[in-house]
Each structure stands twice: as structure tokens, then as C-alpha cells.
Amino acid sequence: MADLGRAALVVSLGLLVYALVGGSVAAVTNRRRLAISARNALFCAFGSTAIASTVLAVALIRHDFSFTYVAAHTNRTLSTPYALSAFWGGQEGSLLLWLLVLTGYGALAVALNRTLLRDLTVWVVPVLAGIGTFFAFVLVAVASPFDTQTAPLDGAGLTPSLQNPYMVAHPPMLYLGYVGLAIPFAFAAGAMLSGRTDERWIVATRRWTLAAWMFLGFGQLLGAHWAYVEVGWGGYYAWDPVENAALMPWLAATAFLHSVMVQERKGMLKVWNMVLVALAFELSIFGTFLTRSGVVNSIHSFAKSPIGSWFLAFVVISSLFSLGLIMWRLPLLKARTKLESALSREAAFLYNNLLLVALCLTILWGVLFPIITQLVKGETRTIGRPYYDFFLRTFGLPLLLLMGIGPLIAWRKTSFRALAKTLAWPGAVTVACGIALIAFGAGSSHPGLIAYTFSAFVLSTIVLEVVRGTRATGSLTALISRNRRRYGGYVVHAAIVLLAIGIAGSSAYGSSTERRLTPGQSVSIAGYTLTLRDIVQRQVPNATETRALLDVKGGWSGTISSGDNQYINPPEPSREVGLKTNWLRAEDLYVIADSVNPKTKVVYVKVLVKPLVNLIWVAGFVFVLGSLIALWPDAREQRRLVTRLAPARAT
Amino acid sequence: MTILAIVLGVAVAAGAVLLVAWPFLREPVAADDRLDAPTAREARWLELLDERDRALGALKELEFDHRTGKIGDEDYGSQIGPLRRSAAVALRAIDRYRDEMTALDVPDLPSEPVPPPDEGTPPTPAPVPEPYPPPDEADIPAPAPQE
């Protein structure tokens, strides 16, 4: 069946090249049938890519080791979900998933907008096909998942750390996010190519952008949780270049989601929005380059491979294309109005954008600096946690504050007196909260104290907004249903606050200790006492498990086990941390056992107490809830758009 | 298995070719093969509707901000006039454009849709209050050039 997969990919490539060339010719020469034909080619490319993906999925499930890819990433002991997750566990499979999502998203976005935005979609088709052509070419010519071999008896297996439920969901979520950013990019490019640079492309792609942003954000949180429970170093985010590669486009997309509101209402920031949408897309491709080129050392990156240079070339070409388009269409992107006041909602959005982009660019510099140093000086340099933490505090804390102030400022302009009046209640709550926090000892960390008080401020402004809005409209449901985007946005803000509290709590107020233990010896930390009871070892299918058993007393009583697994196939170790959650305090007791020796009964343990860390995971669900509220289809808006162009003949 | 794969591959390719060629097979000779982009008249009409929506949206936003206490009476008083005036300008521009098109015997323009939903009051066009002078002729957007 590998031949079928290979043939389907070749057909996809042919169709995408046709959609790119035919679609471009149709758009330039204004030819209707050719444009429809190119659009159909994009639809068919999705179909043939789906066939190729099905072939690979079936091969993975059936453990068909005649596929080199299947043999390299699975073995017979893997359960079906993990065997299937090997689809995105390797380089070639993840590229195929990328192409599948891209053509699927592209076909759906074009199909849904072919009537309302018929003048734009004519250009969107070749742009999407251009991106798809690149991925299809790489899959056909450079990194095929359909290479075959004489089938070995068993495969090499999936890296143990990837055999985790979070790893089944985390990569597809990220791909749905990364690839989703191609849709607003394609429509923005289509708007510039067609010269229709009004707000229609933003309205048409708003939900696509929101969905991509939601997947990217939630995918990162899933990845953070995976790192926390599986990698076993005690943290959830290491500022690893590949982690940063997902964070950067998310930050750019966050800035874009805010600034488009200014363009929709005021006709301002058109150039800025084009830059942001291009930046988000380019960063998503750049992230893929980082993951696949082998230029950075990361647990997330794939082995060094020749596709890195192809990705770099694609990033350069698509960046030049975006930049050229924006420069060409500058006259069409002039703002219709000017900023009336520095104290207005649109100005607040602008400040928010500047902070988000500044944070994004400083992270980008942190990622690029070691690569550039290596290239220019041949030296290996790393940018460590202090760099990122400094900029996170520098830009993140003002962003948090702005998240509270922004919604309280009126559009166009507001007076200091009105703002002061509006801020009175949230301000009082914040001060009271700050005093209480200091009284309870939270003053030991200034960034933590600031993060907590700012969080209290943001939460109080959200409550104030909802209460006042409900009073004005008479009903909470009416308030939310009439402006889902705004109130969904507030729910997302609440999620960010939970995230900030979780990060501040676990990093600024956490405690840790390390100790060598033998049976009967104890270690105490933050009200917990852990006593080593025994070290045990047992054989399970495909692994030898070694565990240190510790009796816990104090904040929680029971037994916690921590140690490692030594897998047989692939022959790799995996650290297994001990974790106990106190949901009342959203706190974790986290035990890392190193050098666990069942013969000498000696273990080196590191115990961490992480207050409020679980709010980070709760924030993920609140974030998804808010995003879903914001992107839920609005029937009235849809009716309005359809009515506008009702008599228009679809192409 | 290889033969089956070849047959399936050929079937996939043939199906794709058929779908891609379909527009040409359905209409071997098209009476009009031009792309159906919005006409200049339609584009202008959409532009006017956008302006109207933006103006009414700004008014509703101001009303809502005032009712929720984000903006004081004084600021509200100074902003409501110009916003109402621009809304009136946008509404009149739509009426004027429709009249012009009717006079030129242009087929019906798309029906005027409901403005965007928002919080607060139902989307009724705000009247121009007395203290504010009627808009100058220059404020009314010029009609689009005829095709």
C-alpha cells in the first residue's frame, strides 16, 4: 500500500501546483472557469492527501514494518492509540499531517467564503496552493513517509517519553494552530493581491484566526503539562527554543486578534495588521524550521535532516513575498481615521500590541542569538532562563495591568476623571488584596506580589464589566449573546489571570530540597515529611520499573512513589516522577527520584512543593471555554453578510 | 497488493482530473468566462453599508459605554453629536446612492441588511438632533463612477 500513499502524494503535489499556477493565471487574466478549476484542484488535493494519510494510519495500526517510517517509530508492544500517535511522532509523518490539515483547512475556508468573498478567494486559492506545494514537494522529494524496506520482525518503537496521553493530543493541537495561521495569512495576501483591502477578509477569517490561536494556546498548555509529568525536571516550561517556537506565533496572533478590533471599528492599523498576520504565519514556519533543521538542541526537535534548508528557503521567500505585497499595497492600507486620544480603547490596544510584539521579538532574539553566534563566531552560546524571565516580567506584568485597564476605557477618548471613577472599585480591591497578601507573607517575592495584585485587579475589572453590562442590558445571557467576542475575551482574560497566578505561585513561592535517603530516613519541606520506606523493582512488558516508595505525612498523608523505567524496545530510560495534588490549595507535592538503587537501597530525591501550579491547567480549560464563546457563530452577523451580497452570482 | 495500489492510484488521479476539468467539461464554450467580481456599483454599495455600520456601531458603543459608566456625561455630550451626525451622513449617503441608481434604471441593489448586533439598544438609526447642523454637501460621499 506504500505505492498508493506515494501515488496519492504525487497527485496532491500535481494538484497543488496546478492550483497555484492555474489559480494565479485565472486571477490575473480574470478567467472564471480556470478559477473554479483551480479551486477544485485545491479540494481534490485535500482528498488525495487524506488518502495518503489513511494509508500511513492503517500501516501504523497494522504494524506494517515494510514501511520504513512505521518500523522506525513503532513496535508490536505499542497500543493502537500510541501506534497512531507515531503519525506525528516522526518527521515525515508530522509533515504529512501538516499538509493534511493545510489542505483541509484551505478547502473548507475557500468553500465557505467562495460566495461572500468571491473576489478574494480567487487569490486565496493560489496562495494556499503555494504553501501546500512546498509541503507536498518536501514529502514527495525529500522526506517521504512511504519509503519501504524488507519488513523486520519488530520496529524500533516510540520514544518512551512520547508514550503519554498528552503526547497523543499535544502535537495535533499545535499543528491545528500552526497551520490554521495560514488561513488568515492567505486571505490577507488575497486581499492585497486583489486590491480589496477593506475589512471583509478580517471578518471572514476572524473565527479561523481565533480557532488557530485557541489550538496553539491549548496545545502549548498540553505540552507544558506533558513536560511537567513526563520529563521530570520539576518545571513545565524551560524556554526551550522549540517551546518558544510555538509561543512566538501565539503572541503575534494575540496581538493581531486585538488590533483587528481597532481596524474593524476605526479603519486604523491596516498596515500593522498585515504585518502581524504575516509575522504570525512566518513564525509558525520558522518554528517548524527550528524543530526540523537540527540547528538547535532540544528534546522536542527532530534529528538533523536535509529538510531544514528547504524550510529556511521557504521562510525567506514567503517573508519577502509578504513584505513585497505590503509595500506594494501601502497606498491602499492608509488609515481612514486617526487616534483621537492616548487615553482611549484603541490606544490601549496599541499599547497591548507593542508589549506583545516586544515580548515576541525578545524571545525571537533569544532563540536566534545562539544560532547567529554559532554561525558567525563558531562559538556555542546559550540564552538562559534569566534572560527570558527578565523580559517576561518587563513586558508581561504591564500587559497584565493593561488587561485590566483596557476594557474600562471607552473608545475614541475618555477623561482622566471618568477613568479614575471607573477604576475606583477595582483599585480599592487591588489595594486591599495587596495589603492582605503582604500580611500573609507574599511580600517575600516582589514579582510574585505584583503578579498577584495585578491579577486581583484584572479579575475585579472583569467582574465590574460583567455586572455593569448585565445591569445595562438587563440579563447576563443577553449581554453575552449580543457580544460573544467581547465576553468570550473576558473569559480568556480570566484564564490568563489564572495562568499568571499559577506561574507566580509555583515559581516565586515554591520550595524545593534535595537529599540522599536510605530506608527510614526522612526529608521535610513546607509542612510535608517524606520517609523512604523501600526501593522496589519489577518487570512489566517492555520495561523494568524501579521505584522509591516514600511515606508522606503533613499536608497530605499517604505513599508516593518515584523512580525510573528502563525500556527494552527502544532501550531508553524514562523518569517517572511522584506527584500528589492537593486540589484545595491547587498545590502539588512533586518528587523526583534519581539514581534509585534497589541493591544498596539508596536514592537521591528532590522534593518540590509547588503552590497554585494546578491553576495553570485549570486556566487551559477556561481559555478554551472563552475562545469557544468568542468564536461561536453569530447567526445574525452571518445573515447580515449573506443579505449584503445575496444577488451576487457565485463563481 | 501492488496492482490494487496502482488501480486505486489511477482511480484517485482520474477522479481528481475529472473534478479539476469539470468547469470546462460542463461549459466547453462559455458565454461569459469573466470572473464574477463585484461591480464598481456593488463595491461602492458595500462601502456605504460598511460606513453606515461603523457609524451606528460607534454610536451604540458610546451609548453602552455611557450606560456602564465608562464615560461621563460631559464626554458623552461632547461625542454624541458628531457621531450622530456621521451616522446621519452615512444613512443619507445610502439613500442618495439608491435614488441615483434608481434614476439611472440600474437593477435593484442588494436589500439593506440589519446593522451589526451589539449590546444595548436595538439598532435603530439615531435621528439628527436639532442643535447639530445638517451635514454639508461635502460630507456626503460622492457616488462611484459609472461602469
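What residue, of A:193, A:158, A:128, A:176, is aliphatic (A, V, I, L, M), buried (at least 24 other Cβ atoms within 10 Å of the Cβ) and at pLDDT 90 or above? Break it down stepwise before answering.
Details: A:193 fails: buried (at least 24 other Cβ atoms within 10 Å of the Cβ); A:158 fails: at pLDDT 90 or above; A:176 fails: buried (at least 24 other Cβ atoms within 10 Å of the Cβ).
Just a single option satisfies the conditions, and that option is A:128.
Checking the conditions here, which among A:217, A:157, A:223, A:180 is at positive phi and in contact with a helix residue (DSSP H, G or I) (Cβ under 9 Å, 6 or more places away or on another chain)?
Sole residue among the options that is at positive phi and in contact with a helix residue (DSSP H, G or I) (Cβ under 9 Å, 6 or more places away or on another chain): A:157.
Could you list, in sequence order, all residues of segment B:28-45 that are at the interface with chain A (Cβ under 7 Å from one of its Cβ atoms), surrounded by fewer than 18 Cβ atoms within 10 Å (Cβ to Cβ) and among the hydrophobic types (A, V, I, L, M, F, W, C)?
Result: B:30, single match.
Just to check your reading of the model, which residue among B:59, B:25 is more than 8 Å from every other protein chain (Cβ to nearest Cβ), more than 13 Å from the chain's Cα centre (by Cα) and in contact (Cβ under 8 Å) with a residue 40 or more places away in the chain? Full working, then the answer.
Working: B:25 fails: in contact (Cβ under 8 Å) with a residue 40 or more places away in the chain.
Residue meeting the stated conditions: B:59.
So that you can scan it fast, the table gives a plain yes or no per residue for (1) in the same structural domain as residue A:463 (by TED's automatic domain parsing); (2) part of a helix (DSSP H, G or I):
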site: A:352; (1), (2): no, yes
site: A:355; (1), (2): no, yes
site: A:371; (1), (2): no, yes
site: A:375; (1), (2): no, yes
site: A:382; (1), (2): no, no
site: A:395; (1), (2): no, yes
site: A:402; (1), (2): no, yes
site: A:410; (1), (2): no, no
site: A:434; (1), (2): yes, yes
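Does segment A:84-126 hold any residues that are of a type in the set (Phe, Trp, Tyr) and under 16 Å from residue B:35 (Cα atoms), and which are they? Before the answer, list the steps.
Within segment A:84-126, the subset of a type in the set (Phe, Trp, Tyr) is A:87-88, A:98, A:105, A:123.
Once the filter is applied, which keeps residues that are of a type in the set (Phe, Trp, Tyr) and under 16 Å from residue B:35 (Cα atoms), segment A:84-126 yields only A:123.
Only one of these is over 24 Å from the mean Cα position of the chain (by Cα), open to solvent by 20 Å² or more (accessible area, probe 1.4 Å) and at pLDDT below 90: A:111, A:151. Name it. Spell out how you get there, then give the answer.
Details: A:111 fails: at pLDDT below 90.
None of the other options fit; the residue is A:151.
Looking at segment A:492-508, is at least one residue among the hydroxyl-bearing types (Ser, Thr, Tyr) and surrounded by fewer than 14 Cβ atoms within 10 Å (Cβ to Cβ)? Spell out the reasoning first.
If we filter segment A:492-508 for residues that are among the hydroxyl-bearing types (Ser, Thr, Tyr), which is where we start, we get A:506-507.
Those left that are additionally surrounded by fewer than 14 Cβ atoms within 10 Å (Cβ to Cβ): none.
No: segment A:492-508 contains no residue that is among the hydroxyl-bearing types (Ser, Thr, Tyr) and surrounded by fewer than 14 Cβ atoms within 10 Å (Cβ to Cβ).
Between residues in segment A:512-535 that are touching a residue at least 40 places away in the same chain (Cβ under 8 Å) and residues that are among the acidic types (Asp, Glu) and assigned to a strand (DSSP E or B), which pairs lie under 7 Å by C-beta distance while being six or more apart or on different chains?
If the second residue must be among the acidic types (Asp, Glu) and assigned to a strand (DSSP E or B), the pairs left are A:519/A:534.
Can you report the number of residues in segment A:12-42 which are within 7 Å of chain B (Cβ to nearest Cβ) and either under 27 Å from the mean Cα position of the chain (by Cα) or aromatic (Phe, Trp, Tyr) (or both)?
The total comes to 1.
So which of B:18, B:8 ends up being farther than 30 Å from residue B:87 by Cα and more than 7 Å from chain A (Cβ to nearest Cβ)? Before you say what the answer is, go through the steps one by one.
On the way: B:8 fails: more than 7 Å from chain A (Cβ to nearest Cβ).
That would be B:18, the only listed residue that is farther than 30 Å from residue B:87 by Cα and more than 7 Å from chain A (Cβ to nearest Cβ).
Report yes if residue A:591 is more than 14 Å from every other protein chain (Cβ to nearest Cβ), modelled with pLDDT of 90 or more, open to solvent by less than 10 Å² (accessible area, probe 1.4 Å) and farther than 30 Å from residue A:35 by Cβ, otherwise no.
Numbers: more than 14 Å from every other protein chain (Cβ to nearest Cβ): yes; modelled with pLDDT of 90 or more: yes; open to solvent by less than 10 Å² (accessible area, probe 1.4 Å): yes; farther than 30 Å from residue A:35 by Cβ: yes.
Yes: the conditions hold for residue A:591.
The values are calculated or read from the model by the stated rules, or taken from the named source; none is laboratory data. In this text the structure is predicted, and so the values were computed from the model without any measurement. Cβ atoms come from the backbone with ideal geometry, glycine included; neighbour counts cover every protein chain shown. Side chains included, ligands, DNA and RNA excluded: accessible areas come from the protein's heavy atoms. Shrake-Rupley method; radii C 1.70, N 1.55, O 1.52, S 1.80 Å.
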